[in-house]
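Notes follow once the structure below has been shown.
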Amino acid sequence: MTLDDNVLTFTAIQGIQAGRKYFSVMCPLKVVPRIFVFDEEEVPPELRAQRTLNKSRIPEISKYIVDNPKDYIFSSITASVDGSIEFVPYGKEGTSRNLGTLKIPMTARFLINDGQHRRAAIEEALKHRPELGDETLSVVFLHDAGLKRSQQMFADLNRHAIRPTKSLGILYDRREPMAELSRQIVDEVSVFRDLTEVEKTTISNRSNKLHTLSAIYQATQTLLGKTKNSKVTSDETKLAIDYWECVGKNIPDWGLAVKKSVGCAELRRDYVHAHGIAIQALGGAGAFLLAEEPKLWKKRLTALRKIDWSRSNKKWEGRALVNGRVSKALVNVTRTTAFIKQALGLALSSKERQVEEQFENAKRNA
């Protein structure tokens, strides 16, 4: 890319979609913040061609670039050009007709149709790593066809954009230590190995899976008191694997599911322990147990065998169940955690005591 006589010149590939020409170019990162703009936030939505910038997303995207300068990756930015465009092909025949030079005057207005958060994150990242400025990002330029067309392009570009499930994101994430640990737990813990759904965050009624990777991730994060991107030591890895293996041994139905002596669908239908709220609560209760009994926690976990996990057990109503249905609401996770902690002989935290008192009062007044 060059800038001569106030004209931006790109080496470009010309293409056609829906009868309209578009151009793909490589743009240096240091130029991206300078030439691309957003609609002003104060402009009413009906007069804009895109959503307003969600500034809370920018630090996370920027950190991703700064922390991974050798292997970050970005998809193309799509932008409309409100101004003249001149494409000069290298030749008149064959592929050379669509390879050439794209010239856009600096007086033209560039409007991002897709990628405004990437643009803002790049600007922020370059403040910390200016050496990345000469690296490039692919940009797709389209000639501006007015507000209505730009709004339709935004709608079309985002119509089929579906975020991957949390489980699939954990399965493929090779950077985050907790994701790596969660995959290792699934591989090494016998009751998880063949019973974990690693792509979806929910399990269908007929599935032969009992747990989800996302539930194991979240529960283990709670168990070890970790936040996203926290480092995990080898001792913590071993402890987490040992904990979940021991939990599995003390919930006999999980072992029956491994042996295929009972169906997973049947367990989900009849038992609370076959749902993500139980995994999450076991992670929360486990964090207290490991802190209180660092040497005797395995013995204390045998108390799990005495819990009546059946959904017909009225003690689950208002805790893991609401009107007979499993609830993953925070208050229900807290109440289920408190119930398991009491079964293990653990003292409740002040928050848990408060939630339990509210629960008991609500039952008395019902």
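Read the figures in this text as sums done on the coordinates, not as results from a lab. Note that the structure is predicted; figures quoted are calculated from it, not measured. Neighbour counts are summed over all protein chains in view; Cβ atoms, including those assigned to glycine, are modelled from backbone coordinates with ideal geometry.
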**Prompt:** For the chain, what is the charge dipole size about the Cα centre, in debye to the nearest 20, if Lys and Arg each add +1 at the Cβ and Asp and Glu each add -1 at the Cβ?
**Reply:** 1500 debye
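Taking 20 Å as the cut-off for C-alpha to C-alpha distance, list the pairs among K21/K103; K260/K328; K63/K127 that go past it.
Numbers: K21/K103 14 Å; K260/K328 27 Å; K63/K127 11 Å.
In this structure, K260/K328 lie more than 20 Å apart at Cα.
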**Message:** Can you list residues from other chains, or at least 5 along the same chain, whose modelled amide H is less than 5 Å from the amide H of T212?
**Reply:** E197
**Message:** Ranking request for peptides 66-79, 108-121: highest mean number of other beta-carbon atoms within 10 Å first, then the rest in descending order.
**Reply:** 108-121, 66-79
**Request:** Note down the net charge around S62, summing +1 for each Lys or Arg and -1 for each Asp or Glu among other residues with Cβ under 14 Å from its Cβ.
**Result:** +3
**Request:** Please give the length that would be gained between D308 and K259 if that part of the chain were fully extended, namely 0.36 nm times their separation in residues minus their C-alpha to C-alpha distance (nm, one decimal).
**Result:** 15.5 nm
**Complete:** Low-density loop GluC sites (Glu not before Pro), region 189-286, at most 15 other Cβ within 10 Å, DSSP non-H/G/I/E/B, are E199
**Prompt:** Relative contact order of region 166-365: what whole-number percent is it, with Cα pairs under 8 angstrom and at least 6 residues apart?
**Reply:** 18 percent
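What does DSSP give for the chain in terms of the percent of beta bridges that are antiparallel, rounded to the nearest 5?
About 80 percent, rounded to the nearest 5.
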**Complete:** With the charge dipole of the chain built from beta-carbon charges (+1 for Lys and Arg, -1 for Asp and Glu) about the Cα centre, the Cα from V88, G263, N205 projecting farthest to the positive end belongs to G263
**Complete:** Most packed first (mean Cβ within 10 Å per residue), the peptides 217-228, 54-65 order as 217-228, 54-65
**Item:** Karplus (6.51, -1.76, 1.60) ³J(HN,Hα), θ = phi - 60°, over region 62-67, in Hz, Gly and Pro reported as x
**Value:** 4, 4, 4, 5, 4, 7
**Asked** Along region 25-31, what does the Karplus equation 6.51 cos²θ - 1.76 cosθ + 1.60 (θ = phi - 60°) give for ³J(HN,Hα), rounded to whole Hz, x for Gly and Pro?
**Response** 9, 10, 10, x, 4, 5, 8
**Request:** Enumerate by residue number the GluC sites (Glu not before Pro) in region 66-144 meeting two conditions: DSSP loop (anything except H, G, I, E, B), and at most 10 other Cβ atoms within 10 Å of the site's Cβ.
**Result:** E93
**Request:** Rounding to the nearest 20 debye, state how big the charge dipole of region 166-365 is about its Cα centre with +1 on each Lys and Arg Cβ and -1 on each Asp and Glu Cβ.
**Result:** 400 debye
**Prompt:** What is the gain in length, in nm to one decimal, between A362 and Q14 on full extension, counting 0.36 nm per residue of separation less the C-alpha to C-alpha distance?
**Reply:** 118.5 nm
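Let me know the charge dipole size of region 263-347 about its Cα centre in debye, to the nearest 20, where only the beta-carbon of Lys, Arg (+1) and Asp, Glu (-1) is charged.
Values: 16 positive and 6 negative charges, 17 e Å.
It works out to roughly 80 debye.
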**Principal axes of region 166-365: Cα extent on each, largest first, Å** = 51, 38, 29
**Message:** Between S76 and S56, what is 0.36 nm times their sequence separation minus the Cα-Cα distance? Round to one decimal in nm.
**Reply:** 5.1 nm
**Message:** For Cα pairs less than 8 Å apart in space and 6+ apart in sequence, what is the mean separation divided by the residue count of the chain, i.e. the relative contact order in percent?
**Reply:** 13 percent
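In deg cm²/dmol, rounded to 500, what helix-only [θ] at 222 nm does the chain give when every DSSP H run of at least 4 residues adds -39500 (n - 2.57) and the total is split over its residues? Don't jump to the answer; show the numbers that get you there.
On the way: 15 runs with 156 residues, N = 366.
Mean residue ellipticity, 222 nm, calculated: -12500 deg cm²/dmol.
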**Request:** Considering the options S214, H273, S62, tell which one lies farthest towards the positive end of the dipole of the chain, charges being +1 on Lys and Arg and -1 on Asp and Glu at the Cβ, about the Cα centre.
**Result:** H273
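List the trypsin sites (Lys or Arg not before Pro) within region 280-313 that DSSP assigns to loop and that have no more than 14 neighbouring Cβ atoms inside 10 Å. The partial results should precede the final answer.
Details: sites: K295, K298, K299, R300, R305, K306, R311; in loops: K295, R311.
In loop regions of region 280-313 (DSSP not H, G, I, E or B), the sparsely surrounded trypsin sites (Lys or Arg not before Pro) are K295.
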**Relative compactness, the chain, computed as alpha-carbon Rg over 2.2 N^0.38 Å** = 1.33
